[in-house]
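**Q** A single structure is presented below for examination.
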Amino acid sequence: MEEAIQTLRRWIEESDNIVFFGGAGVSTESGIPDFRSVDGLYNQKWAYPPETILSHSFFERDPAEFYRFYHEKLVIRGAKPNAAHYRLAELEREGKLKAILTQNIDGLHQAAGSQEVLELHGSTHRCYCAKCGRRYKPETINDCKGVPYCECGGIIRPDVVLYEEALDQDILERSVRYIARADMLIIGGTSLAVYPAAGLINYYRGHKLVLVNRGATPRDGEADLIVRGNIGEVFAQV
């Protein structure tokens with residue numbers, strides 16, 4: 001891995017238009033588990049898989065169960081940015097990194113100081129009424145018990161993209177523009193299995209496609225450099 005990290009370090013030094021695309025693995029070192037990971041008690045506590053509970057139709061059908069899962073699995077207290085978040089923010093301040101495209105909803109990139117963060121799947125730090133659209137502070141849903149309701153009678157929901165919902169078109173278009181113009185694309189902490197977000201890398205036209213991940217991905221054969229390891233440990237060395 002040392003040779004791969006040396007190459008990654010050199011490519012970063014040579015580049016001035018880097019885009020980073022990250023997934024759940026970026027935040028696991030901050031103590032935020034991938035919600036798809038099934039713990040030993042999972043089948044005793046939940047009657048449905050995560051993808052079902054976090055779907056638009058399930059939210060409308062059973063908001064109480066949705067929020068029981070949301071409060072236990074998606075609201076993480078005390079999580080702090082790790083070395084990867086801080087190094088990416090530093091690269092942005094140096095003028096090398098132009099944007100972060102993230103599938104995560106935890107806001108840790110912003111907490112580390114990054115400015116241009118495109119949240120493909122939204123954020124748990126924003127919420128709104130599903131009926132009238134009124135915006136609320138995140139504490140309204142993150143600290144409540146049961147189902148939170150708006151004054152209009154609608155259910156207040158997190159500003160996250162649920163299964164069966166489309167990604168924000170503006171964010172998608174901006175992401176495509178950043179990737180298409182990048183001279184280096186670093187993909188980290190994602191299995192590249194969730195679409196349409198994973199399909200964004202098809203717009204990259206450069207020759208420094210880097211995959212930083214603990215395991216293999218479907219796009220390994222297209223990478224110019226693969227670094228196996230925890231992303232925080234890798235970025236602490238570049």
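**Q** Kindly rank 96-106, 113-123 from highest to lowest mean number of other beta carbons found within 10 Å of each residue. Let's see the in-between values first.
**A** Numbers: 96-106: 23.7, 113-123: 18.6.
Packing proxy ranking, top to bottom: 96-106, 113-123.
**Q** Would you tally the net charge around Arg135, using a Cβ to Cβ cut-off of less than 14 Å, leaving Arg135 out, and scoring K and R as +1, D and E as -1? Each step should come with its number before you reach the end.
**A** Details: positive: Arg126, Lys131, Arg134, Lys137, Arg157; negative: Glu139, Glu151, Asp159.
With Lys, Arg at +1 and Asp, Glu at -1, the neighbours total +2.
**Q** Follow-up question, since we're still on this one. Hey, any idea what the orientation-averaged projected area of the convex hull of the chain's Cα atoms comes to, in nm²?
**A** Details: hull surface 51.9 nm².
One quarter of the hull surface, i.e. the mean projection, equals 13.0 nm².
**Q** Once phi is turned into θ = phi - 60°, what whole-Hz ³J(HN,Hα) does the Karplus curve with 6.51, -1.76 and 1.60 give for every residue of the stretch 125-137, x standing for Gly and Pro?
**A** My calculation for the stretch 125-137 gives 8, 9, 7, 7, 6, 5, 9, 9, x, 4, 8, 10, 5 Hz in order.
**Q** List the residues, sorted by chain then number, that are 5 or more residues from Ile156 or on another chain and whose placed amide H is less than 5 Å from its amide H.
**A** HN-HN under 5 Å from Ile156: Ala130, Tyr149, Cys150.
**Q** Place +1 on the Cβ of every Lys and Arg and -1 on the Cβ of every Asp and Glu in the stretch 1-145, take the dipole about the Cα centre, and give the residue among Leu97, Ala47, Val117 whose Cα lies farthest towards its positive end.
**A** Ala47
**Q** Relative contact order of the chain, please, whole-number percent, based on alpha carbon pairs below 8 angstrom and at least 6 residues apart.
**A** Details: 412 pairs, mean separation 61.8, N = 238.
Rounded, it is 26 percent for the chain.
**Q** Using only the alpha-carbon atoms, what does the stretch 109-238 span along each of its principal axes? Please give whole angstrom values in decreasing order.
**A** Computed over the stretch 109-238, the largest-to-smallest principal extents equal 53, 29, 26 Å.
**Q** If you bin every alpha carbon distance in the stretch 184-238 into 10 Å steps from zero, what whole percent lands in each bin?
**A** It works out to 24, 57, 19, 0, in whole percents.
**Q** Still on this structure, please answer the following. Taking H as built 1.01 Å from N, whose amide H comes closer than 5 Å to the amide H of Gly229, not counting residues under 5 places away?
**A** Asn213, Arg214
**Q** List, in order, the whole-Hz ³J(HN,Hα) value for each residue of the stretch 73-83 obtained from phi through the Karplus relation with A = 6.51, B = -1.76, C = 1.60 and θ = phi - 60°; use x for Gly and Pro.
**A** Values per residue, Gly and Pro as x: 9, 10, 9, 9, 8, x, 5, 10, x, 10, 4 Hz.
**Q** Name the long-range amide H neighbours of Phe21: under 5 Å, sequence gap of 5 or more, or other chain; modelled H, no Pro or chain starts.
**A** Leu101, Ile186, Ile187, Gly188
**Q** Pairs of lysines 8 or more apart, or on different chains, with alpha carbons under 29 Å: count those in the stretch 70-150, would you?
**A** Going through the stretch 70-150 pair by pair, I get 10.
**Q** In whole Hz, with x marking every Gly and Pro, tabulate ³J(HN,Hα) for the stretch 65-72 from phi via Karplus 6.51 cos²θ - 1.76 cosθ + 1.60, θ = phi - 60°.
**A** For the stretch 65-72, the Karplus-derived couplings read 6, 4, 6, 5, 5, 4, 5, 7 Hz, x marking Gly and Pro.
**Q** Right, next: Using the 2.2 N^0.38 Å rule of thumb for compact globular proteins, work out how the stretch 62-124 stacks up: its C-alpha Rg over that value, please.
**A** Working: Rg = 14.0 Å, N = 63, 2.2 N^0.38 = 10.6 Å.
Relative to the rule-of-thumb radius for its length, the stretch 62-124 sits at 1.32.
**Q** Right, something else. Largest first, how would Cys144, Cys127 line up by accessible area (1.4 Å probe)?
**A** The ranking, largest first, comes out as Cys144, Cys127.
**Q** Around Ser15, with a cut-off of 9 angstrom between Cβ atoms, what is the net charge of the other residues, counting Lys and Arg +1 and Asp and Glu -1?
**A** Working: positive: Lys96, Lys208; negative: Glu13, Glu14, Asp16, Asp183.
After counting each charged neighbour, the total is -2.
The values are calculated or read from the model by the stated rules, or taken from the named source; none is laboratory data. Quick caveat, the model's predicted, so the values are computed rather than measured. Here the Cβ is made from the backbone with ideal geometry for all residues, glycine too, and neighbour counts use every protein chain on show. Please note that ligands, DNA and RNA were not included when accessible areas were found on the heavy atoms of the full protein model with its side chains. Shrake-Rupley method; radii C 1.70, N 1.55, O 1.52, S 1.80 Å.
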